[in-house]
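See below for the structure under consideration.
The values are calculated or read from the model by the stated rules, or taken from the named source; none is laboratory data. Keep in mind the model is a prediction, meaning the values are calculated, not measured. In this analysis, Cβ positions are derived from the backbone assuming ideal geometry, glycine residues included, and neighbour counts consider all displayed protein chains. Ligands, DNA and RNA are stripped out before the accessible areas are found, and what is left, the full protein with its side chains, is counted by its heavy atoms. Shrake-Rupley method; radii C 1.70, N 1.55, O 1.52, S 1.80 Å.
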Amino acid sequence: MNLHSKSRLLATILGVSTLAVITIAPSAGAISASPKVSELADKFCTGVATKLGDATNKVQAARDKATAAQADRATKISDNRAKWDQELAANRAKWDQQRQDNFAKLEAKATTDAQKAAVKTYEQTITDAITKRREANDAARTTFRKGVDDAVANQKSTVNAQIVIMQNAISTAVTNAEAACTSGTANAATIKTN
């Protein structure tokens, strides 16, 4: 979830809370309550369910968008890794073939037993070094990918937790406003405190 989406959700939460604070009239037992303020309080109390639905829909849309983005990212990472692994395997096969061709040329040039033994030793040394380098590269790639996977999982967890926090905040604000409307104690101070 990007910063813009978080800002919009926060604005929705603040909008519901601010609307509650601004439009709830003092309770019936208050000393002075103008009919206009009382009318606004009634409008707010009847509109709480609508505001809840709007806020819940916006949070759910943000959650769906975040889930889709997370799935897209996972697919892209997986596809890229498969492509890179395939390219690496193809390159390694090409390099192996080139090396074998070069070894064959060296073997053809060796005429004495000492030269042939030296070529065999050289080939074995090169092959061992390449095997070790490939193992080290494969281990480093595996470690890097695990680090990327861990970072993506942490970010996904953080975003999902923030969405749940927003959902709970909206639900709590609306529930408190509905309770205040139902009990008849709806006033700015009650809504602002709860």
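Considering Asn168, Asn160, the condition of being part of a helix (DSSP H, G or I) and free of Cβ contacts under 8 Å to residues at least 60 places away in the same chain is satisfied by Asn168 alone. In region 150-183, the residue that is least open to solvent (accessible area, probe 1.4 Å) out of those that are more than 21 Å from Asp64 (Cα to Cα) and of a type outside the set (Gly, Ala, Ser) is Val174. Among residues of region 123-135 being open to solvent by 60 Å² or more (accessible area, probe 1.4 Å) and within 37 Å of the chain's Cα centre (by Cα), the one that is nearest to Ile77 (Cα to Cα) is Glu135. Might you check whether a residue that is out of contact with any helix residue (DSSP H, G or I) (no Cβ under 9 Å at 6 or more places or on another chain), in a helix (DSSP H, G or I), closer than 30 Å to Ala61 by Cβ and modelled with pLDDT of 95 or more occurs anywhere in region 143-150? Yes: region 143-150 contains one or more residues that are out of contact with any helix residue (DSSP H, G or I) (no Cβ under 9 Å at 6 or more places or on another chain), in a helix (DSSP H, G or I), closer than 30 Å to Ala61 by Cβ and modelled with pLDDT of 95 or more.
When the residues of region 94-117 are filtered to those that are open to solvent by less than 60 Å² (accessible area, probe 1.4 Å) and part of a helix (DSSP H, G or I), the one that is nearest to Val148 (Cα to Cα) is Asp96. Among the residues of region 50-82, which ones are farther than 17 Å from Gln155 by Cα, among the hydrophobic types (A, V, I, L, M, F, W, C) and loosely packed, with under 11 Cβ neighbours inside 10 Å? The one that is farther than 17 Å from Gln155 by Cα, among the hydrophobic types (A, V, I, L, M, F, W, C) and loosely packed, with under 11 Cβ neighbours inside 10 Å: Ala82.
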